Amino acid sequence: MPAPSAPGSPPPDLQAFAVRLRRMNAEFNRIAQEFARAHGLHHTDVQALVAVLDGDGQGGALTPGRLREHLNLTSGAVSACLNRLEAAGHIQRVRDPDDGRVVHLHYAAAGRAVARAYFRPLADGTDAARRHFTGDELRTVLRFLDAMGDELSAVRSTPSDP
């Protein structure tokens, strides 16, 4: 673990953040690719699983349409992805009881168990890293990560120049 900065020292520069964020992103991608390979899934399938998990965890299940927007895929590609995930036991499609036209995506119990077992070392590593910081520091880290997510979302949704 790097030594903490001295009080009053200048904050890390933009490059320091960029390097560390890319490194963390690369490690997450490597782990996701290994999970995909180990379970006969596409990398996009793992991205979809994460989106379904996050949707389930935030009180609202994801729909195929919202997943399509989130992953920036065609309807056909999302359907193929969901067919693979459902056939492999990772997700369930559940019709809304109030509007049968609406389908909600849920992480299936069997898929959740497979993911928990595979990603347990990542969870343990995250917990070990968290123990190096105070509650206030962790709240600051979460605020930073939320702000980064918002900024990245804004960049992604802004049309670029040709």
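What follows is calculated from the coordinates using simple rules that are stated; it is not laboratory data. Since we're looking at a predicted model, the values are computed, not measured. Note that each Cβ is placed from the backbone with ideal geometry, even for glycine, and that neighbours are counted across all protein chains shown.
Only Cα pairs under 8 Å and 6+ residues apart enter the sum, and on that basis the relative contact order of the stretch 18-73 stands at 21 percent. Work out which trypsin sites (Lys or Arg not before Pro) in the chain are exposed loop sites (DSSP not H, G, I, E or B, at most 11 other Cβ within 10 Å) and give the longest gap free of them. Between exposed loop sites, the widest span is 1-100.
In this structure, GLU86 and ARG120 have a Cβ-Cβ separation that, at R0 = 30 Å, corresponds to a calculated FRET efficiency of about 0.80.
Once the chain from ARG101 to ARG30 is taken as fully extended at 0.36 nm per residue, the excess over their C-alpha distance is 21.8 nm.
Contact order, relative form, for the stretch 24-122: 23 percent (alpha carbon pairs under 8 Å, 6 or more residues apart, mean separation divided by residue count). A quarter of the convex hull surface defined by the alpha-carbon atoms of the stretch 60-145 gives 8.0 nm² as the mean projection.
This ranking places HIS106, HIS43, HIS90 by how few other beta-carbon atoms lie within 10 Å of each, fewest first, which gives HIS43, HIS106, HIS90. Spin-label model, LEU138/ARG20: points 7 Å from Cα along the beta carbon direction are separated by 1.7 nm. The rule of thumb for compact globular proteins, 2.2 N^0.38 Å, goes into the C-alpha radius of gyration of the chain 1.23 times.
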